[in-house]
Each structure stands twice: as structure tokens, then as C-alpha cells.
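Take a look at the structure below.
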Amino acid sequence: EVVADGSGIFQCAYIFSNLLGNEAGRMIYDGDIIIGQHGKIVAVNKRLSFHRFKVLAVDVDFNDPSKTESVPSTDNKDRNEELTQAVALGLYDYLRKSKARGFVVSLSGGADSSSCAILAAEMVRRAAEELGWEKFNKTLNIADSVKDWKSAVSELLTCAYQGTRNSSAETFQAAQQLAQFLGAQFHSWEIDDEVTSYTTKIE
């Protein structure tokens, strides 16, 4: 709306460009590029790319705006798809910039931690699909031999089930099965001693 209205009010070509990726772990920028002319949007890029930058080009006719070409957009505005792509990009770019070797999730078998593990796996699947395995592996320092998403997830995602006397066999099985399905490394240990220690200190 800003680009369309601005280009219409000032009767000009209006180009908007946004940052792309995870900035210092705090913000995820979508890399939006929008081109408008005389109140009409003529080009919009596909946002939230795993590439370091995107380029969008359009031939603008300044003498006769009706002859300016329009570039059809392939961007997906579905909010669930947008959220998944944004988080996947944020996780990927954080690994790239921090030089970290992966993520560790305390996987309880519940919805919250399971969602975190799935989003990490989606990051692998989506980034490798867009960039190709060679670039994906090189950027995140993964062995060249890794060519499928489960192997890559195994390199980048470790899940730990931290059980207590209040945990159930069902939550353990849910955590273990999800980690196995995703290809993540899975560990399990009991933390009753730690819970008792903290409880005693607080009391």
C-alpha cells in the first residue's frame, strides 16, 4: 500500500527494498523488494530467501507507464507458511553468522519443544532445497558427503529428554519417536537430583 500510494501521489517509479535474514538474533528481515509506478505494483519478489541477497529487475517505461512490464509474484502470504519460512530462515542465518555447530532442544514430548525441533528440521529441508546441498553444507560447515535432510538434521540437531519422577512413558516415547523421525540425535537422562537440589535451595 505504501509503495502503490506513494508512486501514485508523486507519479513516479517507487522502489522499496528491505534487509534479508537474521540480524544479531533479534530480528528476522524478509528481504522484501517491491516496485511500483503511478499507483500500480509492477513487481514483488519472493521473500524470506536463504540466499544472502536477492535481485529483482523490471523494465520501467518512464514515458508511457502503461508499457511497463509487470512481473507476477510467486510469494506466499499464507500466515502459517510465512511463519515457518521466517523461523527457518532465522535459524539458518543464525547458524551461518554465529558459526555455531547446531542446536540442542530439551525435547519433553510436548507441543512446544516438539515445534522447536520440527522448525529446526524444516530449516534444513527448506535451505537445502533452495540452495542445493553443496552450498548448504559449505555454509554451515557440514561434511560434503551429507546429501539428504535426515543426515543433515543429525549433524545440526540434538534432542535431550530430561525425565523426572513426574514424567510418563508416553512423553518419553513421543520425544524419542519425533527425534528418530526427524533424524536428530537423541539422548535421555534423569534430572531428579538437580530438581531436588534446586527445590531445597529455594525452600
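Brief remarks on what is shown
- Long-range neighbours under 7 Å by Cβ, at least six apart or interchain, first residue more than 22 Å from Ala179 (Cα to Cα) and touching a residue at least 60 places away in the same chain (Cβ under 8 Å) within the range 92-105, second assigned to a strand (DSSP E or B) and of a type in the set (A, V, I, L, M): none
- In the range 138-151, the residues that are under 15 Å from Lys97 (Cα atoms) and without any contact (Cβ under 8 Å) to a residue 12 or more places away in the chain: Lys138
- Test: residue in the range 111-118 that is of a type outside the set (A, V, I, L, M), modelled with pLDDT of 95 or more, crowded, with 19+ Cβ neighbours inside 10 Å and out of contact with any Leu (no Cβ under 8 Å at 6 or more places or on another chain): no
- Gln85 surrounded by fewer than 17 Cβ atoms within 10 Å (Cβ to Cβ), in a helix (DSSP H, G or I) and either polar (S, T, N, Q) or touching a Cys at 6+ places or on another chain (Cβ under 8 Å) (or both): no
- Here the range 39-51 is the region considered, the condition is being over 22 Å from Leu83 (Cβ atoms) and touching a strand residue (DSSP E or B) at 6+ places or on another chain (Cβ under 8 Å), and the residue that is most open to solvent (accessible area, probe 1.4 Å) is Ile41.
- Taking first residues from the range 181-195 that are more than 17 Å from Phe103 (Cβ to Cβ) and open to solvent by 80 Å² or more (accessible area, probe 1.4 Å) and partners that are charged (D, E, K, R) and modelled with pLDDT under 95, the Cβ contacts under 9 Å between residues at least 6 apart in sequence or on separate chains come to Glu190/Arg165.
- Residue match in the range 100-107 (condition: at pLDDT below 95, surrounded by fewer than 16 Cβ atoms within 10 Å (Cβ to Cβ) and not in a strand (DSSP E or B)): yes
- Residue among Ser17, Ser108 that is more than 16 Å from the chain's Cα centre (by Cα) and touching a residue at least 60 places away in the same chain (Cβ under 8 Å): Ser108
- Top-ranked residue in the range 1-38 [being of a type in the set (A, V, I, L, M), assigned to a helix (DSSP H, G or I) and touching a Gly at 6+ places or on another chain (Cβ under 6 Å); ranked as surrounded by the fewest Cβ atoms within 10 Å (Cβ to Cβ)]: Ala4
- All of Asn166, Asn141 fail the test of being open to solvent by 40 Å² or more (accessible area, probe 1.4 Å), assigned to a loop (DSSP other than H, G, I, E, B) and under 29 Å from Ile191 (Cα atoms), apart from Asn166.
The values are calculated or read from the model by the stated rules, or taken from the named source; none is laboratory data. The structure presented is a predicted model; accordingly, all values stated were derived computationally and were not measured. Note that each Cβ is placed from the backbone with ideal geometry, even for glycine, and that neighbours are counted across all protein chains shown. The accessibility values were calculated without ligands, DNA or RNA, using every heavy atom of the protein model including side chains. Shrake-Rupley method; radii C 1.70, N 1.55, O 1.52, S 1.80 Å.
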